Each structure stands twice: as structure tokens, then as C-alpha cells.
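Have a look at the structure below, then the notes.
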Amino acid sequence: MANRLPKRSERFRGKIMEMVKQGQKTLKAASLELGMSYRQAKRVYRRYLEGGDDALIHGNTGKPSNRRTDLDLVRQALSLYAEK
């Protein structure tokens, strides 16, 4: 997971969770600032403690979309377009 770059929102979550870890913020205040419920903040904080910043990166980051168009179909469409 370390080779994927976190998005800005994931970096922000990491900074807030680090402040909670250092005692500069309560988890309740962090949940309000991040716009999530207290229960969700507890889950995110637990993941942060176990895996650090890398644990906050979304699991589908770097993977191709499930809704992408088949590559062969794209090639066929481009070749038909090029003929015209």
C-alpha cells in the first residue's frame, strides 16, 4: 500500500488522527471536524493506530474501475472511427 499516493482528504484525516494520538484533540472533536459520526471516527482511528497513514488510503485506490469499457471494444470502435 505504501506505493499509492494518498488523496488530499486522506492526508487531512491522517493529520487529524495524529493530533488525536498526541492528545491535542479529542476523538469527538476530530469526528466533527472530519464530518463523520463518532463511531466511524473510532473505526478510522483504530485503523490508523494499527497501520499508520497507509491504513487511511481507500482500498480501491490504484485499481481499475469495475465499470470500465472492455479494451477490445474500445480498440474496435477506434479502428471503425479511423476508417471513416
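For region 48-64, the set of residues classified as part of a loop (DSSP other than H, G, I, E, B) and surrounded by 11 or more Cβ atoms within 10 Å (Cβ to Cβ) consists of ILE57, HIS58, THR61, GLY62, listed by residue number. The set of residues in region 29-39 that are without any contact (Cβ under 8 Å) to a residue 12 or more places away in the chain, surrounded by 11 or more Cβ atoms within 10 Å (Cβ to Cβ) and in a helix (DSSP H, G or I) comprises ALA29, SER31, LEU32, TYR38. For LEU49, the conditions (1) within 20 Å of ARG8 (Cα to Cα); (2) at pLDDT below 90 all hold with the exception of (2).
Quick grid of which residues meet (1) part of a helix (DSSP H, G or I); (2) surrounded by 11 or more Cβ atoms within 10 Å (Cβ to Cβ); (3) among the basic types (Lys, Arg):
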| position | (1), (2), (3) |
| --- | --- |
| ARG11 | yes, yes, yes |
| ILE16 | yes, yes, no |
| GLY23 | no, no, no |
| ALA41 | yes, yes, no |
| ARG46 | yes, yes, yes |
| ASN66 | no, no, no |
| THR69 | no, no, no |
| SER79 | yes, no, no |
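The values are calculated or read from the model by the stated rules, or taken from the named source; none is laboratory data. Every value quoted in this text rests on a predicted model; they were computed, and no experiment measured them. For neighbour counting, all protein chains shown are included, and Cβ atoms are generated from backbone atoms with ideal geometry for every residue, glycine included.
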